[in-house]
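What follows is a short report on a single structure.
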Amino acid sequence: EKLQSHNLVEKTFCSGSFARKTAIRPINDVDLFVVLKPQCLCENSLTDLKTVVLKEILVKNVEQQELEATDRQWQQLVSGKQWKTKQTSEDCPFKSMILREQNASVGLCVNHEAWNDAKPTFDFVPAIQVSIDRYLICKDDIGVLTHPKAVELVTSRLEKKVSGFVDLVRCVKYWNSKQPTGAKFKSFHLEVVCQRIVDKHPNDFGCDCRLALAALLTKIAAVCENKYRVPGIRGSYVELLDKNIIETLRASLKTAANKLRAADKQDW
C-alpha cells in the first residue's frame, strides 16, 4: 500500500514462490513487481529504473553507497550469519536495513522488531506494463519482456488437476534445500520441472502422497540433464544442472524415492 501510493508507481504485486504458495520458508525472498508509470521510461533509460526504485521510491534522499553491500556481505546478511548495516531513523519500523541494486531488481534485507530479529529479503523488480499480462524489465542491462504470473497460473491449474500438487512441490523443494551446496537445483527451475512432469503425467500422482512424491523424484532424476524453457520469458532456456553434478544428484533423487517407497505407511 505504501509503495502503490507513490506518484511514480502504477501498481505492485507479488510474484515468485511466495505468490505461488510454494515457498518453504516464512517471509523470505519475497519477489515484488513494482510497475512504474510510463513517464518513468520517458525520463529515464531502462537500465536506470532500478536506481529510480532505489533512490526515488524506497529511500528517497539517501545516497546509494550508504546502504550498499558487497556480494560477500549480502550473502552473509541473507544467510543470517552477519548483521552490520546502517541504523534507520527513529520513525522507521525497521531496526536496520540494507538495499542494493541486483541483476533485475533492488534487494532489500531488513531487521524488523516484530519479526524477532529474522532477516527476510525482498526483491523489488522495476517494470513497465506493455500489455495485459506482459511487462518490460531490465535484466543483464537489456530489456526483457516477461509474463511474471505465467508459472503461478500453471501452478493454480495443476493444483485443480492434481490435488496436493503445491504440497508435492514444497516437499521436493525442501528435499533440494537439504542437498550439499553446489549440488542442488535452483529452486525456480525445480518448480518448472515439477510442473512439466505433473502436467504430462497427471495420472501417475494418485491420492497416496508418499508414493506420489516418490514418483515425482524418480521422474525428475530421468530428466535432470535436459534444457528447459523459462516460462514467461520468450526464447529463454536454462541448463537445469551443471554436467559435473548431474550423476550425483540423480543418485540422490533415486535414493530418496526408494526410501519413500520402502517406508512404512504409518512412519510416513
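Looking only at the range 138-157, decide whether some residue is part of a loop (DSSP other than H, G, I, E, B) and out of contact with any strand residue (DSSP E or B) (no Cβ under 9 Å at 6 or more places or on another chain). Looking for residues that are part of a loop (DSSP other than H, G, I, E, B) and out of contact with any strand residue (DSSP E or B) (no Cβ under 9 Å at 6 or more places or on another chain), one finds at least one in the range 138-157, hence yes.
Filtering the range 20-34 for residues that are over 13 Å from the mean Cα position of the chain (by Cα) and closer than 15 Å to GLN129 by Cβ leaves a non-empty set.
State whether the residues of the range 206-220 include one that is farther than 25 Å from LYS50 by Cβ, in contact with a strand residue (DSSP E or B) (Cβ under 8 Å, 6 or more places away or on another chain), open to solvent by less than 30 Å² (accessible area, probe 1.4 Å) and assigned to a helix (DSSP H, G or I). No, every residue in the range 206-220 fails to be farther than 25 Å from LYS50 by Cβ, in contact with a strand residue (DSSP E or B) (Cβ under 8 Å, 6 or more places away or on another chain), open to solvent by less than 30 Å² (accessible area, probe 1.4 Å) and assigned to a helix (DSSP H, G or I).
Here is a yes/no grid of residues against (1) under 15 Å from LEU136 (Cα atoms); (2) open to solvent by 30 Å² or more (accessible area, probe 1.4 Å); (3) among the aliphatic types (A, V, I, L, M):
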| site | (1), (2), (3) |
| --- | --- |
| CYS14 | no, yes, no |
| ARG20 | no, no, no |
| ALA23 | no, no, yes |
| ASP29 | no, yes, no |
| PHE33 | yes, no, no |
| LYS37 | yes, yes, no |
| CYS42 | yes, yes, no |
| SER45 | yes, yes, no |
| LYS50 | yes, no, no |
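Taken over the range 1-49, the criterion of being part of a helix (DSSP H, G or I) and among the hydrophobic types (A, V, I, L, M, F, W, C) is satisfied by PHE18, ALA19, CYS40, LEU41, CYS42, LEU46, LEU49.
Tell me yes or no: at least one residue of the range 159-178 is surrounded by fewer than 16 Cβ atoms within 10 Å (Cβ to Cβ), more than 18 Å from ARG20 (Cα to Cα) and either in contact with a Cys (Cβ under 7 Å, 6 or more places away or on another chain) or free of Cβ contacts under 8 Å to residues at least 24 places away in the same chain (or both). Yes, that holds for at least one residue. Checked against (1) under 28 Å from LEU46 (Cβ atoms); (2) assigned to a loop (DSSP other than H, G, I, E, B), SER163 passes all but condition (1). Of all residue pairs spaced 6 or more apart or on separate chains, those with beta-carbon atoms under 8 Å, a first member in the range 132-157 that is under 15 Å from ARG196 (Cβ atoms) and a second member that is outside any loop (DSSP other than H, G, I, E, B) and of a type in the set (A, V, I, L, M) are VAL151/VAL192; THR155/VAL166; THR155/VAL169.
So that you can scan it fast, the table gives a plain yes or no per residue for (1) more than 24 Å from LYS21 (Cβ to Cβ); (2) at pLDDT 85 or above; (3) in contact with a Ser or Thr (Cβ under 7 Å, 6 or more places away or on another chain):
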{"position": "GLN73", "(1), (2), (3)": "yes, no, no"}
{"position": "LYS86", "(1), (2), (3)": "yes, no, yes"}
{"position": "SER96", "(1), (2), (3)": "yes, no, yes"}
{"position": "ASN116", "(1), (2), (3)": "no, no, no"}
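Kindly indicate whether PRO202 is modelled with pLDDT of 80 or more and either open to solvent by less than 80 Å² (accessible area, probe 1.4 Å) or more than 26 Å from LYS21 (Cβ to Cβ) (or both). Against the criterion (modelled with pLDDT of 80 or more and either open to solvent by less than 80 Å² (accessible area, probe 1.4 Å) or more than 26 Å from LYS21 (Cβ to Cβ) (or both)), PRO202 qualifies.
The values are calculated or read from the model by the stated rules, or taken from the named source; none is laboratory data. Just so it is clear, the model here is predicted, and its values are computed rather than measured. Backbone-built Cβ (ideal geometry, glycine too); neighbour counts: all protein chains shown. Each accessible area value is taken on the protein alone, full model and side chains, heavy atoms only, with ligands, DNA and RNA left out. Shrake-Rupley method; radii C 1.70, N 1.55, O 1.52, S 1.80 Å.
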